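The values are calculated or read from the model by the stated rules, or taken from the named source; none is laboratory data. Since the structure is predicted, the reported quantities are computational estimates derived from the model, not experimental observations. Backbone-built Cβ (ideal geometry, glycine too); neighbour counts: all protein chains shown. Accessible surface is based on the protein model in full, side chains and every heavy atom, while ligands, DNA and RNA are left aside. Shrake-Rupley method; radii C 1.70, N 1.55, O 1.52, S 1.80 Å.
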Amino acid sequence: MAIIVVEVMLKPEILDPQGVAVGAALPRLGFTFAKSVRQGKRFEIEIDGQPTEQQMQEIEKAAATLLANPVIETYVVTVQA
Amino acid sequence: MKVGVITFPGTLDDRDALRAANAAGTTAISLWHNDADLKGVDAVILPGGFSYGDYLRCGAISRFAPVMEKVIAAANGGMPLLGICNGFQVLCEAHLLPGALTRNKDLHFLCRDQKLVIENNATAWTSDYAKGQEIVIPLKNGEGSFQCDDKTLATLEGEGRVVARYVGENPNGSRNLIAGISNERGNIVGLMPHPEHAIETLTGPSADGLAFFTSVLKAMVK
(Lines give C-alpha, C1' and ligand atoms only; values in the text may rest on other atoms or scores of the structure.)
Protein backbone atom coordinates (compact mmCIF):
# COMPACT_ATOMS: atom_id res chain seq x y z
CA MET A 1 0.00 0.00 0.00
CA ALA A 2 1.19 3.48 -0.75
CA ILE A 3 -0.22 6.92 -0.12
CA ILE A 4 -0.05 9.54 -2.81
CA VAL A 5 0.08 12.98 -1.27
CA VAL A 6 -1.10 16.00 -3.23
CA GLU A 7 -0.41 19.33 -1.58
CA VAL A 8 -2.21 22.36 -2.96
CA MET A 9 -1.28 25.98 -2.25
CA LEU A 10 -2.66 29.27 -3.50
CA LYS A 11 -0.20 30.91 -5.91
CA PRO A 12 2.00 33.46 -4.12
CA GLU A 13 0.36 36.38 -5.94
CA ILE A 14 -3.16 35.35 -4.85
CA LEU A 15 -4.27 36.94 -1.59
CA ASP A 16 -4.84 34.30 1.12
CA PRO A 17 -7.13 35.94 3.71
CA GLN A 18 -7.32 32.75 5.79
CA GLY A 19 -3.53 32.60 6.09
CA VAL A 20 -3.46 36.31 6.97
CA ALA A 21 -6.08 35.74 9.71
CA VAL A 22 -4.09 32.83 11.16
CA GLY A 23 -0.93 34.92 10.97
CA ALA A 24 -2.66 37.70 12.90
CA ALA A 25 -3.93 35.27 15.57
CA LEU A 26 -0.49 33.77 16.37
CA PRO A 27 1.02 36.84 18.10
CA ARG A 28 -2.20 37.27 20.11
CA LEU A 29 -1.36 33.89 21.67
CA GLY A 30 2.23 34.88 22.33
CA PHE A 31 3.73 33.19 19.26
CA THR A 32 5.78 35.99 17.79
CA PHE A 33 7.99 34.04 15.37
CA ALA A 34 5.81 34.12 12.24
CA LYS A 35 6.62 36.59 9.50
CA SER A 36 3.67 35.39 7.40
CA VAL A 37 1.34 32.40 7.13
CA ARG A 38 -0.23 30.81 4.06
CA GLN A 39 -2.84 28.08 4.28
CA GLY A 40 -3.19 25.17 1.84
CA LYS A 41 -4.78 21.76 1.38
CA ARG A 42 -3.37 18.25 1.59
CA PHE A 43 -4.95 15.19 -0.06
CA GLU A 44 -3.90 11.66 0.88
CA ILE A 45 -4.87 9.10 -1.74
CA GLU A 46 -4.48 5.45 -0.76
CA ILE A 47 -3.66 2.91 -3.46
CA ASP A 48 -2.81 -0.80 -3.57
CA GLY A 49 0.89 -1.48 -4.05
CA GLN A 50 3.37 1.03 -5.37
CA PRO A 51 2.14 3.49 -8.01
CA THR A 52 2.95 2.70 -11.62
CA GLU A 53 4.17 5.37 -13.99
CA GLN A 54 0.76 5.40 -15.64
CA GLN A 55 -0.98 5.88 -12.29
CA MET A 56 1.34 8.78 -11.48
CA GLN A 57 0.40 10.39 -14.80
CA GLU A 58 -3.28 9.92 -13.99
CA ILE A 59 -2.80 11.45 -10.54
CA GLU A 60 -1.04 14.44 -12.13
CA LYS A 61 -4.04 14.84 -14.41
CA ALA A 62 -6.50 14.50 -11.53
CA ALA A 63 -4.54 17.08 -9.55
CA ALA A 64 -4.60 19.55 -12.43
CA THR A 65 -8.29 19.09 -13.28
CA LEU A 66 -9.99 18.54 -9.92
CA LEU A 67 -7.80 18.72 -6.80
CA ALA A 68 -6.25 22.06 -7.74
CA ASN A 69 -7.46 24.97 -9.83
CA PRO A 70 -4.34 25.94 -11.81
CA VAL A 71 -5.76 29.44 -12.34
CA ILE A 72 -5.11 30.27 -8.67
CA GLU A 73 -3.30 27.27 -7.19
CA THR A 74 -0.15 25.18 -7.52
CA TYR A 75 0.23 21.55 -6.47
CA VAL A 76 2.98 19.07 -5.60
CA VAL A 77 2.57 15.30 -5.86
CA THR A 78 4.68 12.99 -3.65
CA VAL A 79 4.49 9.31 -2.73
CA GLN A 80 4.58 8.02 0.84
CA ALA A 81 5.69 4.41 1.18
CA MET B 1 -38.69 31.00 -25.27
CA LYS B 2 -37.53 28.60 -22.59
CA VAL B 3 -34.94 29.34 -19.94
CA GLY B 4 -33.55 26.41 -17.96
CA VAL B 5 -32.50 26.80 -14.32
CA ILE B 6 -30.23 24.06 -13.02
CA THR B 7 -30.61 22.72 -9.50
CA PHE B 8 -27.54 21.06 -8.02
CA PRO B 9 -27.58 19.44 -4.57
CA GLY B 10 -27.08 22.48 -2.33
CA THR B 11 -28.43 25.08 -4.74
CA LEU B 12 -30.46 27.78 -2.93
CA ASP B 13 -31.59 30.36 -5.44
CA ASP B 14 -33.13 28.21 -8.17
CA ARG B 15 -36.70 29.15 -7.15
CA ASP B 16 -36.01 32.87 -7.39
CA ALA B 17 -34.23 32.40 -10.72
CA LEU B 18 -37.20 30.43 -12.11
CA ARG B 19 -39.55 33.13 -10.83
CA ALA B 20 -37.43 35.91 -12.35
CA ALA B 21 -37.34 34.17 -15.74
CA ASN B 22 -41.13 33.77 -15.70
CA ALA B 23 -41.61 37.38 -14.59
CA ALA B 24 -39.53 38.52 -17.56
CA GLY B 25 -41.87 36.76 -19.98
CA THR B 26 -39.83 33.65 -20.70
CA THR B 27 -40.94 30.14 -19.74
CA ALA B 28 -38.75 28.84 -16.94
CA ILE B 29 -37.86 25.15 -16.96
CA SER B 30 -36.32 23.39 -14.00
CA LEU B 31 -33.28 21.23 -14.83
CA TRP B 32 -31.63 18.73 -12.51
CA HIS B 33 -27.85 18.33 -12.22
CA ASN B 34 -28.15 14.66 -13.13
CA ASP B 35 -30.20 15.33 -16.32
CA ALA B 36 -28.53 14.17 -19.49
CA ASP B 37 -30.38 16.64 -21.71
CA LEU B 38 -31.41 20.27 -21.59
CA LYS B 39 -35.11 19.72 -22.40
CA GLY B 40 -34.94 22.02 -25.39
CA VAL B 41 -34.23 25.22 -23.47
CA ASP B 42 -32.91 28.28 -25.32
CA ALA B 43 -30.82 29.64 -22.45
CA VAL B 44 -29.55 28.39 -19.08
CA ILE B 45 -29.10 29.97 -15.66
CA LEU B 46 -26.75 28.47 -13.06
CA PRO B 47 -28.21 29.85 -9.83
CA GLY B 48 -26.61 30.70 -6.50
CA GLY B 49 -26.15 28.53 -3.46
CA PHE B 50 -23.64 26.04 -2.16
CA SER B 51 -23.67 23.30 -4.80
CA TYR B 52 -22.15 20.08 -3.47
CA GLY B 53 -21.62 21.89 -0.18
CA ASP B 54 -18.85 24.03 -1.75
CA TYR B 55 -16.61 21.01 -1.05
CA LEU B 56 -13.07 21.19 -2.46
CA ARG B 57 -13.60 24.64 -4.03
CA CYS B 58 -16.83 26.49 -4.82
CA GLY B 59 -18.15 25.11 -8.11
CA ALA B 60 -15.33 22.60 -8.53
CA ILE B 61 -17.51 19.50 -8.29
CA SER B 62 -20.61 20.97 -10.00
CA ARG B 63 -18.51 21.56 -13.06
CA PHE B 64 -18.40 17.79 -13.61
CA ALA B 65 -22.15 17.20 -13.05
CA PRO B 66 -23.73 15.24 -15.94
CA VAL B 67 -25.85 18.19 -17.12
CA MET B 68 -22.79 20.43 -17.40
CA GLU B 69 -21.41 18.56 -20.39
CA LYS B 70 -24.46 19.62 -22.42
CA VAL B 71 -24.44 23.13 -20.97
CA ILE B 72 -20.78 23.65 -21.88
CA ALA B 73 -21.29 22.37 -25.44
CA ALA B 74 -24.42 24.51 -25.97
CA ALA B 75 -22.78 27.63 -24.51
CA ASN B 76 -19.73 27.15 -26.73
CA GLY B 77 -22.22 27.07 -29.59
CA GLY B 78 -23.64 30.45 -28.58
CA MET B 79 -26.48 29.59 -26.17
CA PRO B 80 -26.96 32.35 -23.56
CA LEU B 81 -25.67 31.18 -20.17
CA LEU B 82 -25.80 33.18 -16.94
CA GLY B 83 -24.00 32.12 -13.76
CA ILE B 84 -25.07 33.95 -10.63
CA CYS B 85 -22.88 33.81 -7.52
CA ASN B 86 -22.18 30.05 -7.12
CA GLY B 87 -23.09 29.80 -10.82
CA PHE B 88 -20.31 32.31 -11.61
CA GLN B 89 -17.92 30.13 -9.60
CA VAL B 90 -19.02 27.09 -11.64
CA LEU B 91 -18.41 28.99 -14.91
CA CYS B 92 -14.86 29.85 -13.82
CA GLU B 93 -14.16 26.29 -12.67
CA ALA B 94 -15.50 25.03 -16.04
CA HIS B 95 -13.12 27.48 -17.79
CA LEU B 96 -16.06 29.05 -19.64
CA LEU B 97 -14.94 32.30 -18.04
CA PRO B 98 -11.39 33.25 -17.03
CA GLY B 99 -10.17 33.84 -13.48
CA ALA B 100 -11.48 32.51 -10.19
CA LEU B 101 -13.53 33.61 -7.20
CA THR B 102 -11.65 33.46 -3.90
CA ARG B 103 -12.40 34.10 -0.22
CA ASN B 104 -13.62 37.64 0.52
CA LYS B 105 -10.73 39.82 1.59
CA ASP B 106 -12.00 40.37 5.14
CA LEU B 107 -13.22 36.73 5.42
CA HIS B 108 -16.79 37.84 6.19
CA PHE B 109 -19.82 36.41 4.49
CA LEU B 110 -21.41 39.53 3.00
CA CYS B 111 -25.15 39.95 2.69
CA ARG B 112 -26.29 43.42 1.69
CA ASP B 113 -27.77 45.59 -1.03
CA GLN B 114 -24.97 46.55 -3.39
CA LYS B 115 -24.68 49.33 -5.94
CA LEU B 116 -23.25 48.27 -9.30
CA VAL B 117 -22.58 50.01 -12.57
CA ILE B 118 -23.37 48.18 -15.82
CA GLU B 119 -20.21 48.56 -17.91
CA ASN B 120 -21.20 46.44 -20.91
CA ASN B 121 -24.77 46.38 -22.23
CA ALA B 122 -23.87 44.45 -25.37
CA THR B 123 -24.08 40.97 -23.80
CA ALA B 124 -27.04 38.57 -24.12
CA TRP B 125 -27.95 39.34 -20.50
CA THR B 126 -27.51 43.12 -20.24
CA SER B 127 -28.94 44.68 -23.41
CA ASP B 128 -31.94 46.11 -21.53
CA TYR B 129 -29.62 48.27 -19.42
CA ALA B 130 -27.98 51.51 -20.45
CA LYS B 131 -24.19 51.55 -20.47
CA GLY B 132 -23.14 53.25 -17.25
CA GLN B 133 -26.50 52.61 -15.56
CA GLU B 134 -26.29 52.19 -11.79
CA ILE B 135 -28.39 49.47 -10.17
CA VAL B 136 -28.88 48.15 -6.62
CA ILE B 137 -29.24 44.38 -6.14
CA PRO B 138 -28.35 42.00 -3.28
CA LEU B 139 -24.81 40.72 -2.81
CA LYS B 140 -24.46 37.62 -0.61
CA ASN B 141 -21.40 35.42 -0.65
CA GLY B 142 -18.31 34.35 1.23
CA GLU B 143 -16.10 33.76 -1.79
CA GLY B 144 -16.73 36.59 -4.22
CA SER B 145 -13.31 38.10 -4.69
CA PHE B 146 -12.57 37.98 -8.43
CA GLN B 147 -8.92 37.13 -9.09
CA CYS B 148 -6.94 36.60 -12.29
CA ASP B 149 -3.45 37.29 -13.58
CA ASP B 150 -2.45 40.69 -14.97
CA LYS B 151 -2.62 39.54 -18.58
CA THR B 152 -6.17 38.20 -18.21
CA LEU B 153 -7.22 41.40 -16.44
CA ALA B 154 -5.79 43.50 -19.27
CA THR B 155 -7.65 41.34 -21.82
CA LEU B 156 -10.96 41.61 -19.95
CA GLU B 157 -10.62 45.38 -19.63
CA GLY B 158 -9.30 45.86 -23.16
CA GLU B 159 -12.10 43.86 -24.76
CA GLY B 160 -14.80 45.49 -22.62
CA ARG B 161 -15.68 42.19 -21.00
CA VAL B 162 -16.20 43.62 -17.53
CA VAL B 163 -20.01 43.50 -17.44
CA ALA B 164 -20.60 45.05 -14.01
CA ARG B 165 -18.44 46.72 -11.40
CA TYR B 166 -19.00 47.49 -7.71
CA VAL B 167 -19.62 51.18 -7.00
CA GLY B 168 -18.00 52.68 -3.90
CA GLU B 169 -15.83 50.72 -1.50
CA ASN B 170 -14.52 47.37 -2.77
CA PRO B 171 -16.69 44.83 -0.88
CA ASN B 172 -14.47 41.76 -1.21
CA GLY B 173 -11.08 42.57 -2.75
CA SER B 174 -12.10 41.82 -6.35
CA ARG B 175 -9.56 43.05 -8.87
CA ASN B 176 -10.66 46.32 -10.52
CA LEU B 177 -13.95 46.15 -8.54
CA ILE B 178 -15.17 43.44 -10.91
CA ALA B 179 -18.66 42.11 -10.09
CA GLY B 180 -19.31 40.35 -13.40
CA ILE B 181 -17.60 39.40 -16.67
CA SER B 182 -18.50 37.86 -20.00
CA ASN B 183 -16.86 35.63 -22.57
CA GLU B 184 -15.61 37.08 -25.85
CA ARG B 185 -18.86 36.41 -27.66
CA GLY B 186 -21.02 37.93 -24.90
CA ASN B 187 -23.40 34.97 -24.54
CA ILE B 188 -21.85 33.74 -21.28
CA VAL B 189 -22.01 36.06 -18.28
CA GLY B 190 -20.95 35.46 -14.68
CA LEU B 191 -22.18 37.80 -11.96
CA MET B 192 -21.50 37.70 -8.21
CA PRO B 193 -24.51 39.77 -7.00
CA HIS B 194 -28.07 38.48 -7.37
CA PRO B 195 -30.40 40.09 -9.95
CA GLU B 196 -33.00 37.34 -9.37
CA HIS B 197 -33.57 38.68 -5.83
CA ALA B 198 -34.39 42.14 -7.17
CA ILE B 199 -37.19 41.79 -9.70
CA GLU B 200 -39.88 43.63 -7.70
CA THR B 201 -39.84 46.08 -4.82
CA LEU B 202 -42.14 43.94 -2.66
CA THR B 203 -39.39 41.41 -1.99
CA GLY B 204 -36.17 43.05 -3.18
CA PRO B 205 -34.34 46.34 -2.69
CA SER B 206 -35.39 47.35 -6.23
CA ALA B 207 -36.66 45.89 -9.48
CA ASP B 208 -33.26 46.61 -11.05
CA GLY B 209 -32.40 42.94 -11.59
CA LEU B 210 -35.29 42.13 -13.91
CA ALA B 211 -33.54 43.52 -16.98
CA PHE B 212 -31.03 40.64 -16.94
CA PHE B 213 -33.94 38.30 -17.64
CA THR B 214 -35.75 40.54 -20.15
CA SER B 215 -32.44 41.08 -21.97
CA VAL B 216 -32.04 37.38 -22.66
CA LEU B 217 -35.58 37.18 -24.01
CA LYS B 218 -34.63 39.87 -26.50
CA ALA B 219 -31.38 38.05 -27.33
CA MET B 220 -33.27 34.81 -28.03
CA VAL B 221 -35.97 36.43 -30.16
CA LYS B 222 -33.35 38.14 -32.29
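Would you please name the residue that is most open to solvent (accessible area, probe 1.4 Å), looking only at residues in the range B:30-51 that are under 20 Å from B:His194 (Cβ atoms) and in contact with a Gly (Cβ under 6 Å, 6 or more places away or on another chain)? Top of the filtered list is B:Phe50. If you go through the range B:182-222 and keep only what is open to solvent by less than 10 Å² (accessible area, probe 1.4 Å) and of a type in the set (D, E, K, R), you end up with just B:Glu196.
Scanning the range B:102-117 for residues that are within 10 Å of chain A (Cβ to nearest Cβ) and either closer than 27 Å to B:Leu31 by Cα or surrounded by 19 or more Cβ atoms within 10 Å (Cβ to Cβ) (or both) turns up B:Thr102, B:Arg103, B:Asn104. Within the range B:149-170, the set of residues being modelled with pLDDT of 95 or more, within 13 Å of chain A (Cβ to nearest Cβ) and either under 18 Å from the mean Cα position of the chain (by Cα) or in a loop (DSSP other than H, G, I, E, B) (or both) comprises just one member, B:Asn170. The residues in the range B:76-101 that are under 20 Å from B:Pro66 (Cβ atoms), open to solvent by 10 Å² or more (accessible area, probe 1.4 Å) and either part of a loop (DSSP other than H, G, I, E, B) or more than 14 Å from chain A (Cβ to nearest Cβ) (or both) can be counted, and the count is 6. Only one of the numbered conditions (1) farther than 26 Å from B:Asn172 by Cβ; (2) more than 10 Å from chain B (Cβ to nearest Cβ); (3) in contact with a helix residue (DSSP H, G or I) (Cβ under 8 Å, 6 or more places away or on another chain); (4) open to solvent by less than 50 Å² (accessible area, probe 1.4 Å) is violated by A:Ala62, and that is (3). In the range A:7-27, the condition of being away from every other protein chain (no Cβ under 12 Å), crowded, with 16+ Cβ neighbours inside 10 Å and closer than 16 Å to A:Gln80 by Cβ is met by at least one residue.
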